[in-house]
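My structure is below; once you've seen it, I'll send some questions.
The values are calculated or read from the model by the stated rules, or taken from the named source; none is laboratory data. None of these values were measured; they are calculated from a predicted model. Ideal geometry is used to build each Cβ from the backbone, glycine not excepted, and the neighbour counts take in all protein chains shown.
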Amino acid sequence: MKKAPYAVILFFALLCLLGVAVGEVPEVLQKATKVCLQCMGIG
Amino acid sequence: MKERLRRSIQAVSALLLNGYWSFPLSRTIYQGNLKMLCSPGLNCYSCPAATTACPLGAIQNLMATLRPSWEAARYHVGLYVLGWLGMIGGMVGRMPCGWVCPFGLLQDLLYKVPGRKVRLPDILSYGPYFFLAFGIFAAPALIIDEFGYGATWFCKLVCPAGTLEAGLPLLALQPALRAMVGYLFWIKLGILALFIACSILASRFFCRTTCPLGAIYSFFNHVSLFRLRYNPEKCTHCERCHHDCPMGIKVYESPNDRRCIRCLVCLRESCEFGAISYELGDLSSREDRGVARRG
């Protein structure tokens, strides 16, 4: 059985959980719910 | 028939990722909790209909606030977004580009416009890595103001999805924004027009030359759970897979090439000899199982 893909998925799942644990999700939400003037080419 | 399935999934994905259809009434962007989730494809979160966050925008924002974040002992470096992208990449590699990304769907449709078609030089395929390294990570983190804050430089200067999905609709919905339009908007509009024109001439032009999200997924093509398999004994070197590949890949030389978006055109539409199949972990597609039984 190939183990590399499962190891990769597990590693990044842990990274994702770590990001959740340090509070990155509210920051992603906060930025995504504001109009990004820079994305529009205005700001 | 088979390509119709992929087209349908692309369309459904585009509608789900842009599912906030009451934006003409609210005249602003969706601000609900779904935006905690990152879109698997390129979709600007300032698109009025967007229901999820753009992973590239999220990473740039986290890089742009890296210094203040560390000074405040918050250590936000994008683990959540990178972990999410890595899980997807580990499972299917660059497959979201071929089946889910709304901007990929747009490019596929633009390429159907009749006219002259051109082949792109291979050197341009390194462009996405340049934009990933500098536009997504280095510039937002290093080009900072006096307060230590950077900017989302890729979004600001390059991303055509932002201009198309956010700039134009929001300027239509919010007249007050029109007074803020300056030279940068017109430059971005020109960049958008350039990408649209090039996508008519060359398949998946943005994906092949610029997209940093595709660059991230490309790192996983060789190690993902879902992979293509090539059987040289069945290959007649007719080159039809190469001719039909939207990314210009010689599938018989590199079946899990970093550029491959796993659209499966090569195995579903092109190869008549069963030389290309796929595997998902230890499971293989019907063509390959046939070979195994006979072998």
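Can you confirm whether segment B:88-97 contains a residue that is within 9 Å of another protein chain (Cβ to nearest Cβ) and free of Cβ contacts under 8 Å to residues at least 40 places away in the same chain?
no
For the subset of segment B:148-165 comprising residues that are among the hydrophobic types (A, V, I, L, M, F, W, C) and outside any loop (DSSP other than H, G, I, E, B), which member is nearest to the other protein chains (Cβ to nearest Cβ)?
So, considering only residues that are among the hydrophobic types (A, V, I, L, M, F, W, C) and outside any loop (DSSP other than H, G, I, E, B), the one nearest to the other protein chains (Cβ to nearest Cβ) is B:Cys155.
In this structure, is B:Met36 under 30 Å from B:Asp282 (Cβ atoms) and either within 7 Å of chain A (Cβ to nearest Cβ) or surrounded by fewer than 24 Cβ atoms within 10 Å (Cβ to Cβ) (or both)?
No.
Test of understanding: among B:Leu85, B:Leu124, B:Leu168, B:Leu109, which residue is assigned to a helix (DSSP H, G or I), within 14 Å of another protein chain (Cβ to nearest Cβ), under 21 Å from the mean Cα position of the chain (by Cα) and surrounded by fewer than 20 Cβ atoms within 10 Å (Cβ to Cβ)?
The unique qualifying residue is B:Leu168.
Could you list, in sequence order, the residues of segment B:70-82 that are on the phi > 0 side of the Ramachandran plot and facing chain A (nearest Cβ under 8 Å)?
B:Tyr75, B:Gly78
Related question: Look at B:Arg227 and say whether it is surrounded by 19 or more Cβ atoms within 10 Å (Cβ to Cβ) and out of contact with any strand residue (DSSP E or B) (no Cβ under 7 Å at 6 or more places or on another chain).
no
Please state which one of B:Tyr80, B:Tyr20 is in a loop (DSSP other than H, G, I, E, B) and free of Cβ contacts under 8 Å to residues at least 60 places away in the same chain.
Testing whether each residue is in a loop (DSSP other than H, G, I, E, B) and free of Cβ contacts under 8 Å to residues at least 60 places away in the same chain leaves just B:Tyr20.
Could I ask something else about it? Just one of (1) in contact (Cβ under 8 Å) with a residue 40 or more places away in the chain; (2) under 29 Å from B:Ser13 (Cα atoms); (3) part of a helix (DSSP H, G or I) trips up B:Cys47, so point out which.
B:Cys47 satisfies all of (1) in contact (Cβ under 8 Å) with a residue 40 or more places away in the chain; (2) under 29 Å from B:Ser13 (Cα atoms); (3) part of a helix (DSSP H, G or I) except (3).
Could you go through segment B:49-64 and let me know if any residue there is closer than 25 Å to B:Pro246 by Cβ, surrounded by 15 or more Cβ atoms within 10 Å (Cβ to Cβ) and of a type in the set (Val, Ile, Thr).
Yes, segment B:49-64 contains at least one residue that is closer than 25 Å to B:Pro246 by Cβ, surrounded by 15 or more Cβ atoms within 10 Å (Cβ to Cβ) and of a type in the set (Val, Ile, Thr).
While we're here: Looking only at residues that are within 9 Å of another protein chain (Cβ to nearest Cβ) and either surrounded by fewer than 21 Cβ atoms within 10 Å (Cβ to Cβ) or in contact with a Leu (Cβ under 7 Å, 6 or more places away or on another chain) (or both) in segment B:14-33, which one is nearest to B:Leu82 (Cα to Cα)?
For segment B:14-33, the residue satisfying everything is B:Asn33.
So, in segment B:251-280, how many residues would count as being more than 20 Å from B:Leu110 (Cα to Cα), basic (Lys, Arg) and modelled with pLDDT of 95 or more?
1
Can you list residue pairs whose Cβ atoms sit under 7 Å apart, with the first residue in segment B:215-230 being in contact (Cβ under 8 Å) with a residue 24 or more places away in the chain and within 11 Å of chain A (Cβ to nearest Cβ) and the second being aliphatic (A, V, I, L, M) and outside any helix (DSSP H, G or I)? Count only pairs 6 or more apart in sequence or on different chains.
These pairs meet every condition: B:Leu225/B:Leu280; B:Phe226/B:Met95; B:Phe226/B:Leu280.
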